[in-house]
1. Given the options 256, 278, 98, identify the residue whose Cα lies farthest towards the positive end of the charge dipole of the chain (+1 on Cβ of Lys, Arg; -1 on Cβ of Asp, Glu).
2. Would you mind computing, in nm to one decimal, how far apart the modelled labels at residue 216 and residue 292 are, each placed 7 Å from Cα along Cα→Cβ?
3. Can you give the FRET efficiency to the nearest 0.05 for residue 373 and residue 19, using r as the Cβ-Cβ distance and R₀ = 45 Å?
4. Specify whether the C-alpha gyration tensor of the range 263-311 places it in the rounded, prolate or oblate class, a ≥ b ≥ c being the square roots of the eigenvalues: rounded for a/c under 1.5, otherwise prolate if a/b is larger than b/c and oblate if not.
5. Compute, for the chain, the length of the dipole vector about the Cα centre, with Cβ point charges of +1 (Lys, Arg) and -1 (Asp, Glu) only. Units Debye, rounded to 20.
6. Can you give the Rg to Rh ratio of the range 105-149, both from alpha-carbon atoms, with Rh computed by the Kirkwood formula?
7. Quick one: which of 218-230, 145-157 comes out on top by average Cβ neighbours within 10 Å, and what's the full order, highest first?
8. For the chain, with the dipole built from +1 on Lys and Arg beta-carbon atoms and -1 on Asp and Glu ones, taken about the Cα centre, which of 134, 379, 236 lies farthest toward the positive end?
Amino acid sequence: MTSSAPAVPRTALLGLGWLLCAVFFLYAFVQRVAPSVMVDDLMRDFAVGGALLGNLSAFYYYAYAGSQIPVGVLMDRFGPRRLVTIAAALAGAGSLVFVMADGLWLASVGRLMIGFGCAFSFVGALNYAALWFAPNRFATLSGWAQMLGVAGGILGQAPLGYLVESVGWRPAVAGLAAFGLALAVATGLVLRDRPRPVPAASANGLRLLSGLKRAAATGQVWLAAGFGMAMTGSMLAFGGLWGVPYVEQAYDLPKAEAAALVSILFVGWGVGAPLWGFLSDRWSRRRPFMAIGGVLATAGIAGAVYLPGLDTVSLAAVLCVQGFGSSSMVLCFAVARENTPAWSAGVTLGIVNGFVVGSGAVLQPLVGWLLDLGWEGSMVAGARIYSLAAYQGAFLILPVTCAWGVLITLFLRETGARPFEEAR
């Protein structure tokens with residue numbers, strides 16, 4: 001007799017599949033921060049100020065954050081293979097649209113396409129980890145995915161900045177388009193959906209949206225999402241868009257050097273994310289590490305903006321602290337997943353990731369609007385120049401947001417790093 005159970009793919013193939021999902025997140029992070037090294041070029045080419053540029057950059061986040069709940073539902077229903085492949089192709093196609101844009105509306109369409117495609121990246125990596133790997137490895141794999149993502153943030157700063165200065169922003173974005181399309185081919189060939197029977201709870205009549213209802217009714221999911229949003233917001237607003245022009249202005253540095261300095265924030269994030277995940281899994285605790293990370297994030301961003309007389313080495317150090325502390329947000333995904341059953345994992349992670357990335361959709365244009373309020377009328381080659389005082393006034397929202405995240409940890413329930421089913 002032959003067994004009817006489908007063969008489980010080899011561990012190496014599963015590991016490669018997870019790695020490709022994580023590389024997709026790296027690519028998504030490059031796309032996320034890319035406008036930060038094109039601020040002057042985009043202002044000039046599209047004739048916009050800070051608020052409109054922040055809004056253009058945030059179209060990525062509108063699509064990414066706004067689609068996270070349906071992305072989670074689709075992941076629970078269809079699995080990652082087809083969805084991640086199509087999404088990577090869409091992100092590459094969106095880059096082509098952005099390259100060809102001769103006006104703000106078409107550029108916005110391109111950013112929307114990029115954001116919607118990239119919306120499947122991190123949830124895809126988390127979903128793949130949840131489907132194929134042991135529960136006690138989830139936070140660790142989440143941390144490694146975050147590390148690769150933040151490596152994308154580093155690549156999207158100094159290296160992309162040098163490329164933009166060398167060949168222009170349009171050829172640079174065309175290269176991103178080619179990478180996205182190549183990644184789509186690779187994921188289509190390697191990824192595998194879980195060949196296991198549908199869980200009994202689903203077979204007994206759970207509808208497609210049951211996972212959404214279950215996750216939405218769990219208060220701890222929303223608290224975890226709020227913490228993730230608070231930790232990520234300052235990184236996306238400062239490191240993802242406004243940090244480079246701020247450092248150019250405050251430290252009188254050229255764009256490439258300013259981008260290299262700001263990228264230290266992502267180095268701290270890249271080191272911290274897997275470390276927070278490992279320590280949290282090792283000690284079976286979530287809340288203490290989240291609270292410590294939140295305090296470090298608050299101190300780091302406040303120091304980067306408001307400590308007087310910092311030299312570039314000291315600025316790099318406090319940005320590294322900020323990134324390291326903020327990366328504790330990786331634990332919010334574990335907390336949310338451990339408060340909901342496995343059959344709603346995809347939509348639970350989608351809700352949390354929607355809030356995490358939604359912080360960029362809120363804070364990037366908000367900081368741009370605040371900068372426009374403080375603008376004194378100075379322009380260079382068609383691009384607005386903001387004073388140091390304008391930046392410091394606009395950036396006040398960033399440490400306040402981080403402090404809000406610390407407050408949230410007081411209301412989180414310690415899960416002990418146990419899956420929902422074991423904790424009941």
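Just so you know, all these numbers are worked out from the coordinates, no wet-lab data involved. These numbers come from a predicted model, not from an experiment. Counting neighbours? That spans all protein chains shown, and the Cβs are built from the backbone with ideal geometry, glycine included.
1. Among 256, 278, 98, the one farthest towards the positive end of the dipole of the chain is 278.
2. Using points 7 Å along Cα→Cβ, the separation is 3.8 nm.
3. Once the sixth-power term is evaluated, E becomes 0.50.
4. oblate
5. 1780
6. Values: Rg = 14.1 Å, Rh = 11.8 Å.
Result: Rg/Rh = 1.19.
7. 145-157, 218-230
8. The residue sitting farthest along the positive end of the dipole is 134.
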